[in-house]
Amino acid sequence: MIISCLQMPVIIGGFTENTAALRRMMKTAMEGSDGKRPDVILLPELWDIGFYPRPLAENLADNPQGVMAELAKEYGVNIVGGSVAVKEPDGSIANACFVYDRSGTCIARYDKTHLFSPAREDRHFAKGDHLGRFMLDGVPCAVVICYDLRFFELLGTSCRGNGGDIPRADVLFLPTQWPEVRREHWQILTRARAIENQVYLCGCNAKGGFSPKVPLCGCTEIIGPWGDILAQEPTDEEAIVTAEIEIEKLTEVRKALPVMDDRRPELYSI
């Protein structure tokens, strides 16, 4: 499976500009390299309006889901749609990731569970209440969003599942808008989560920032189950980060170090 992460420029409140950047970068990504086209495209968090314009309700984008569905169908590619701001029937607003298959059909939705209180995200967005788990081309996958990375219980449960129809995740997608000031946290936590859950982790940041004083760190990356970095953009510049992952390698890793079999969940609750 070939995965491309779009570290795209995101302007706060600039849906028109952001959509144009997405279309341009999608075209470049789908041209592929060495004749290989990606099977999955991962977008950053709130690629539609940035993190995040206020008043939020007055800056919502016009149908970002339609844009993603159109592009997935046009290019015949799976899209893990980062996240977009969506107004719900009850008037609340979700920070939501929509996942589209190659036909442009939405096959999954995950709403960000942990909202970043230092930026008062919890005052403007509604908290998600379900896991983000789905299949892409027969590969079990999971998704969490940005601040969720700090909550290992959620990531562990998302990767292991809860006895449903989808097996243990092989790939964990992580759209984000992560700032430069916490770059080291990003680098440590992403590798740790890949290692402890024995998955491929794909983390996609944006280019830009919360404000000129709070730039993003870039560091979009694809990490292997041993914590090895397969591909990375270390700067905050626009970039397409691509790697081919080997699902078969997961079997070797999990057999050599069967941490899931050695768990003691009966001791893990207080």
Open item on the list: Nearest 500 deg cm²/dmol is fine: what mean residue ellipticity at 222 nm does the chain get from its DSSP H runs of n ≥ 4 alone, each adding -39,500 (n - 2.57), divided by its residue count?
Closed with: -7500 deg cm²/dmol
TODO: Search the structure for amide H atoms under 5 Å from the amide H of LYS207, placed 1.01 Å from N in the peptide plane, and list their residues when 5 or more places away or on another chain.
DONE: MET8, VAL10
TODO: With a 4.7 Å Cβ cut-off, tell me which Cys residues in the chain come up empty for a partner.
DONE: CYS97, CYS106, CYS141, CYS146, CYS159, CYS202, CYS217, CYS219
Task: C-alpha center-to-center spacing [the stretch 1-24, the stretch 69-99] in angstrom - done: 13 Å
- [ ] Could you list the square roots of 5 times each eigenvalue of the Cα gyration tensor of the chain, that is, the equivalent ellipsoid semi-axes, sorted largest first and rounded to whole Å?
- [x] 27, 22, 18
Open item on the list: What distance in nm separates the two pseudo spin-label positions at ARG264 and GLU252, each 7 Å out from Cα along the beta-carbon direction?
Closed with: 3.2 nm
Task: Diffusion coefficient, µm² s⁻¹, Stokes-Einstein with Kirkwood Rh over alpha-carbon pairs of the stretch 175-226 at 37 °C and 0.692 mPa s - done: 291 µm²/s
Task: Neighbour cut-off at most 14 other Cβ (10 Å), DSSP loop, chymotrypsin sites (Phe, Trp or Tyr not before Pro), the stretch 124-216 - done: PHE151
Open item on the list: What value in Å³ per residue do you get for the convex hull of the alpha-carbon atoms in the stretch 128-241?
Closed with: 101 Å³
Task: Residue among THR242, THR28, THR190 with the largest mean-square fluctuation in a Gaussian network model of the chain, springs linking Cα atoms under 10 Å - done: THR28
TODO: Excluding residues on the same chain fewer than 8 positions from LYS36, give the lysines whose Cα lies under 19 Å from its Cα.
DONE: LYS27, LYS73
Task: Longest exposed-site-free window of the chain, the sites being GluC sites (Glu not before Pro) in a DSSP loop that have at most 14 other C-beta atoms within 10 Å - done: 1-236
TODO: Sticking with the crude label model, points 7 Å out along Cα→Cβ, report the distance from ASP122 to ILE107 in nm, one decimal please.
DONE: 3.5 nm
Task: Cα pair distances exceeding 18 angstrom across the stretch 45-149, given as percent - done: 47 percent
TODO: May I ask you to derive the relative contact order of the chain, considering only C-alpha pairs under 8 Å and at least 6 residues apart, and to give it as an integer percent?
DONE: 19 percent
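Values quoted throughout were computed directly from the atomic coordinates according to the rules given, and no laboratory measurement underlies them. From a predicted model like this one, the values you see are computed outputs, not experimental measurements. Reconstructed Cβ throughout: ideal geometry from the backbone, glycine too, with neighbour counts over all protein chains shown.
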